[in-house]
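Structure first, then comments.
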Amino acid sequence: MKFEERYEVTSHAVDRNDHIRPTSLVRYMQETADHQMRDEKPSYSELFYEGKALILTRMSVQIDRQLHEYDKIRAHTWCAGSKAATLLRCYDIIRDGEAAARAYSEWGIVDHRNGTLRRADEIDMSNYSTDEPLKLDLPRRFRFPKDLEFRDMGVHRVRYSECDMNRHMNNANYLNLLWDLIPDIWDWQVTSLNTRFMKEAKMGAEIRLSMTEIDPALTGDPAAEKAYAFRTTVDGKTNVENMMGLAPVTGR
(Lines give C-alpha, C1' and ligand atoms only; values in the text may rest on other atoms or scores of the structure.)
Protein backbone atom coordinates (compact mmCIF):
# COMPACT_ATOMS: atom_id res chain seq x y z
CA MET A 1 0.00 0.00 0.00
CA LYS A 2 1.33 3.44 -0.97
CA PHE A 3 0.67 6.80 0.66
CA GLU A 4 -0.61 9.45 -1.77
CA GLU A 5 -0.65 13.24 -1.89
CA ARG A 6 -1.84 15.46 -4.74
CA TYR A 7 -0.14 18.64 -5.94
CA GLU A 8 -0.14 21.15 -8.75
CA VAL A 9 3.37 22.01 -9.96
CA THR A 10 3.97 25.68 -9.16
CA SER A 11 5.44 28.30 -11.49
CA HIS A 12 8.43 28.63 -9.13
CA ALA A 13 9.25 24.92 -9.47
CA VAL A 14 10.18 25.02 -13.19
CA ASP A 15 13.06 26.44 -15.24
CA ARG A 16 12.97 28.57 -18.39
CA ASN A 17 12.20 25.48 -20.50
CA ASP A 18 9.17 24.75 -18.28
CA HIS A 19 10.89 21.65 -16.88
CA ILE A 20 10.81 20.93 -13.18
CA ARG A 21 14.01 21.87 -11.34
CA PRO A 22 15.88 18.93 -9.74
CA THR A 23 15.53 20.31 -6.22
CA SER A 24 11.80 20.95 -6.72
CA LEU A 25 11.19 17.41 -7.96
CA VAL A 26 12.83 15.84 -4.93
CA ARG A 27 11.01 18.23 -2.60
CA TYR A 28 7.63 16.98 -3.84
CA MET A 29 8.76 13.44 -3.08
CA GLN A 30 10.14 14.22 0.35
CA GLU A 31 7.21 16.44 1.29
CA THR A 32 4.94 13.49 0.59
CA ALA A 33 7.06 11.33 2.90
CA ASP A 34 6.78 13.99 5.61
CA HIS A 35 2.99 14.01 5.18
CA GLN A 36 2.89 10.23 5.45
CA MET A 37 4.88 10.30 8.70
CA ARG A 38 2.69 13.15 10.02
CA ASP A 39 -0.54 11.28 9.24
CA GLU A 40 0.47 7.70 10.03
CA LYS A 41 2.79 8.39 12.99
CA PRO A 42 5.35 8.75 14.30
CA SER A 43 5.95 12.09 12.56
CA TYR A 44 9.39 13.38 11.69
CA SER A 45 9.08 16.04 14.39
CA GLU A 46 8.08 13.49 17.03
CA LEU A 47 11.12 11.39 16.19
CA PHE A 48 13.36 14.46 16.15
CA TYR A 49 12.32 15.54 19.63
CA GLU A 50 13.05 12.01 20.83
CA GLY A 51 16.59 12.58 19.55
CA LYS A 52 16.20 10.54 16.35
CA ALA A 53 16.97 12.11 12.97
CA LEU A 54 16.61 10.58 9.51
CA ILE A 55 19.65 11.37 7.36
CA LEU A 56 19.56 10.65 3.63
CA THR A 57 22.55 8.55 2.54
CA ARG A 58 21.59 7.54 -1.03
CA MET A 59 18.93 8.52 -3.55
CA SER A 60 18.41 7.37 -7.14
CA VAL A 61 15.85 9.35 -9.18
CA GLN A 62 14.76 8.31 -12.67
CA ILE A 63 12.79 10.89 -14.66
CA ASP A 64 10.57 9.21 -17.23
CA ARG A 65 8.65 12.29 -18.39
CA GLN A 66 9.21 15.96 -17.74
CA LEU A 67 6.86 17.78 -15.38
CA HIS A 68 5.66 21.26 -16.31
CA GLU A 69 4.08 24.32 -14.72
CA TYR A 70 0.59 23.62 -13.35
CA ASP A 71 0.72 19.89 -14.06
CA LYS A 72 -1.56 18.07 -11.65
CA ILE A 73 0.35 15.18 -10.09
CA ARG A 74 -0.16 12.35 -7.64
CA ALA A 75 2.92 11.67 -5.52
CA HIS A 76 3.31 8.32 -3.75
CA THR A 77 5.75 7.14 -1.12
CA TRP A 78 6.16 3.96 0.88
CA CYS A 79 8.55 2.27 3.25
CA ALA A 80 10.31 -0.61 1.54
CA GLY A 81 11.86 -2.34 4.53
CA SER A 82 14.76 -1.66 6.87
CA LYS A 83 18.11 -3.11 7.82
CA ALA A 84 20.22 -2.30 10.88
CA ALA A 85 20.29 1.53 11.06
CA THR A 86 18.87 2.10 7.56
CA LEU A 87 15.30 2.77 6.41
CA LEU A 88 14.47 2.09 2.74
CA ARG A 89 11.94 4.43 1.12
CA CYS A 90 10.58 4.66 -2.43
CA TYR A 91 8.58 7.25 -4.37
CA ASP A 92 6.79 7.78 -7.64
CA ILE A 93 5.05 10.73 -9.26
CA ILE A 94 2.13 10.09 -11.60
CA ARG A 95 0.75 12.50 -14.20
CA ASP A 96 -2.19 11.58 -16.43
CA GLY A 97 -1.98 7.99 -15.25
CA GLU A 98 1.68 7.51 -16.21
CA ALA A 99 4.85 7.58 -14.12
CA ALA A 100 6.76 10.85 -14.58
CA ALA A 101 9.47 10.13 -11.98
CA ARG A 102 10.46 7.28 -9.67
CA ALA A 103 13.00 7.10 -6.84
CA TYR A 104 14.68 4.75 -4.39
CA SER A 105 16.36 6.05 -1.23
CA GLU A 106 18.18 4.92 1.90
CA TRP A 107 18.01 6.85 5.19
CA GLY A 108 20.29 6.47 8.18
CA ILE A 109 18.82 6.79 11.67
CA VAL A 110 21.03 8.94 13.88
CA ASP A 111 20.85 10.31 17.41
CA HIS A 112 21.28 13.99 16.52
CA ARG A 113 22.34 14.81 20.09
CA ASN A 114 25.53 12.76 19.98
CA GLY A 115 25.85 11.53 16.37
CA THR A 116 25.52 7.81 17.16
CA LEU A 117 23.59 5.43 14.91
CA ARG A 118 20.22 4.08 16.07
CA ARG A 119 18.65 0.85 14.91
CA ALA A 120 15.61 0.95 12.65
CA ASP A 121 13.74 -1.39 15.02
CA GLU A 122 13.85 1.37 17.66
CA ILE A 123 11.17 3.15 15.64
CA ASP A 124 7.64 1.74 15.54
CA MET A 125 6.90 1.83 11.80
CA SER A 126 3.94 -0.55 11.95
CA ASN A 127 1.50 2.21 10.89
CA TYR A 128 3.54 3.32 7.87
CA SER A 129 2.44 2.47 4.32
CA THR A 130 4.67 -0.26 2.91
CA ASP A 131 5.32 -1.96 -0.41
CA GLU A 132 8.12 -3.67 -2.33
CA PRO A 133 11.26 -1.70 -3.29
CA LEU A 134 11.24 -0.10 -6.73
CA LYS A 135 13.54 -1.51 -9.39
CA LEU A 136 15.09 1.27 -11.48
CA ASP A 137 17.55 1.22 -14.37
CA LEU A 138 19.91 3.26 -12.18
CA PRO A 139 22.24 1.48 -9.77
CA ARG A 140 21.35 1.77 -6.10
CA ARG A 141 25.05 2.10 -5.32
CA PHE A 142 27.84 3.46 -7.48
CA ARG A 143 31.54 4.25 -7.31
CA PHE A 144 33.43 6.58 -9.60
CA PRO A 145 36.25 5.11 -11.69
CA LYS A 146 39.58 5.71 -9.94
CA ASP A 147 41.04 7.52 -12.96
CA LEU A 148 38.23 10.10 -13.13
CA GLU A 149 39.71 13.63 -13.16
CA PHE A 150 37.52 16.36 -11.67
CA ARG A 151 37.70 20.06 -12.49
CA ASP A 152 37.53 22.53 -9.61
CA MET A 153 34.39 24.68 -9.77
CA GLY A 154 34.93 26.90 -6.73
CA VAL A 155 33.39 27.12 -3.28
CA HIS A 156 29.85 27.51 -1.97
CA ARG A 157 29.25 28.70 1.60
CA VAL A 158 26.19 27.12 3.25
CA ARG A 159 23.54 29.71 4.11
CA TYR A 160 20.93 29.65 6.86
CA SER A 161 18.11 29.41 4.29
CA GLU A 162 19.59 26.16 2.93
CA CYS A 163 19.63 24.34 6.28
CA ASP A 164 17.00 22.11 7.89
CA MET A 165 16.13 21.04 11.44
CA ASN A 166 19.34 19.01 11.58
CA ARG A 167 21.23 22.30 11.14
CA HIS A 168 23.03 21.27 8.00
CA MET A 169 22.37 21.83 4.30
CA ASN A 170 19.19 20.03 3.29
CA ASN A 171 19.87 17.16 0.90
CA ALA A 172 17.52 18.46 -1.83
CA ASN A 173 19.39 21.77 -2.04
CA TYR A 174 22.52 20.09 -3.40
CA LEU A 175 20.76 19.15 -6.65
CA ASN A 176 20.15 22.67 -7.98
CA LEU A 177 23.62 23.68 -6.77
CA LEU A 178 25.23 20.98 -8.96
CA TRP A 179 22.77 21.41 -11.86
CA ASP A 180 23.76 25.10 -12.12
CA LEU A 181 27.37 24.08 -12.89
CA ILE A 182 26.52 22.31 -16.16
CA PRO A 183 27.59 24.26 -19.28
CA ASP A 184 24.68 25.51 -21.41
CA ILE A 185 22.25 23.74 -19.10
CA TRP A 186 19.31 25.49 -20.81
CA ASP A 187 19.91 23.18 -23.80
CA TRP A 188 19.53 20.05 -21.66
CA GLN A 189 16.88 18.34 -19.56
CA VAL A 190 17.64 16.14 -16.57
CA THR A 191 16.78 12.45 -16.99
CA SER A 192 18.35 11.01 -13.82
CA LEU A 193 19.89 11.98 -10.49
CA ASN A 194 21.94 9.51 -8.48
CA THR A 195 23.42 10.89 -5.28
CA ARG A 196 25.50 9.56 -2.41
CA PHE A 197 25.55 11.69 0.76
CA MET A 198 28.63 11.07 2.89
CA LYS A 199 29.32 14.05 5.18
CA GLU A 200 27.09 16.85 6.41
CA ALA A 201 27.74 20.51 5.64
CA LYS A 202 26.75 22.74 8.55
CA MET A 203 25.67 26.35 8.26
CA GLY A 204 28.65 28.49 7.31
CA ALA A 205 30.70 25.53 6.03
CA GLU A 206 32.55 25.90 2.74
CA ILE A 207 31.64 23.28 0.15
CA ARG A 208 34.32 22.76 -2.50
CA LEU A 209 32.67 21.88 -5.84
CA SER A 210 34.15 19.80 -8.65
CA MET A 211 32.75 18.11 -11.76
CA THR A 212 33.64 16.24 -14.96
CA GLU A 213 31.78 14.97 -18.01
CA ILE A 214 31.42 11.18 -18.07
CA ASP A 215 30.23 8.42 -20.36
CA PRO A 216 26.41 8.37 -20.01
CA ALA A 217 26.58 4.56 -19.77
CA LEU A 218 28.11 4.94 -16.30
CA THR A 219 24.79 6.31 -15.01
CA GLY A 220 22.75 3.27 -16.07
CA ASP A 221 20.20 5.78 -17.41
CA PRO A 222 18.86 4.60 -20.81
CA ALA A 223 17.62 8.10 -21.67
CA ALA A 224 20.91 9.92 -20.97
CA GLU A 225 22.78 11.29 -24.00
CA LYS A 226 25.18 13.31 -21.85
CA ALA A 227 26.20 12.93 -18.21
CA TYR A 228 28.27 14.62 -15.53
CA ALA A 229 29.84 13.43 -12.30
CA PHE A 230 30.11 15.77 -9.33
CA ARG A 231 32.09 15.56 -6.12
CA THR A 232 31.92 18.03 -3.25
CA THR A 233 34.13 18.20 -0.18
CA VAL A 234 33.91 19.82 3.24
CA ASP A 235 37.11 20.25 5.26
CA GLY A 236 38.91 18.07 2.72
CA LYS A 237 36.50 15.14 3.14
CA THR A 238 33.99 13.96 0.53
CA ASN A 239 30.59 15.48 1.20
CA VAL A 240 28.45 14.43 -1.78
CA GLU A 241 28.94 12.42 -4.98
CA ASN A 242 26.42 12.67 -7.81
CA MET A 243 25.88 11.43 -11.36
CA MET A 244 23.40 13.40 -13.46
CA GLY A 245 22.00 12.13 -16.77
CA LEU A 246 20.84 14.58 -19.45
CA ALA A 247 19.04 14.60 -22.80
CA PRO A 248 18.58 17.44 -25.30
CA VAL A 249 15.65 19.77 -24.71
CA THR A 250 12.82 19.06 -27.13
CA GLY A 251 9.36 20.52 -27.57
CA ARG A 252 6.54 19.49 -25.22
Pairs over 26 Å Cα to Cα, from K83/K226; K2/K72; K52/K146; K52/K83; K2/K52; K72/K202, come to K83/K226; K52/K146; K72/K202
Rounded to one decimal in nm, the spacing of the 7 Å Cα→Cβ label points at K237 and R208 is 1.5
Counting only protein heavy atoms and rolling a 1.4 Å probe, one gets per residue an accessible area for region 91-221 in Å² of 55
The simple spin-label model distance between A84 and D215, using points 7 Å out along Cα→Cβ, in nm, is 3.1
Contour minus Cα-Cα span, K72 to D121, at 0.36 nm per residue, comes to 14.0 nm
Hits in region 178-215: amide N under 18 Å from the 7 Å Cα→Cβ extension of R159, namely 178-181, 201-209
Here the longest stretch of the chain that holds no chymotrypsin sites (Phe, Trp or Tyr not before Pro) in a DSSP loop having at most 16 other beta carbon atoms within 10 Å is 151-252
FRET efficiency for D18 and D137 from the Cβ-Cβ distance with R0 = 25 Å, rounded to 0.05, comes out at 0.50
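The values are calculated or read from the model by the stated rules, or taken from the named source; none is laboratory data. Values in this document were obtained by computation on a predicted structure and should not be read as measured data. Quick reminder, even Gly has a Cβ in these numbers, built from the backbone with ideal geometry, and neighbours come from all protein chains shown. Only protein heavy atoms, including side chains, enter the accessible area calculation; ligands, DNA and RNA are left aside. Shrake-Rupley method; radii C 1.70, N 1.55, O 1.52, S 1.80 Å.
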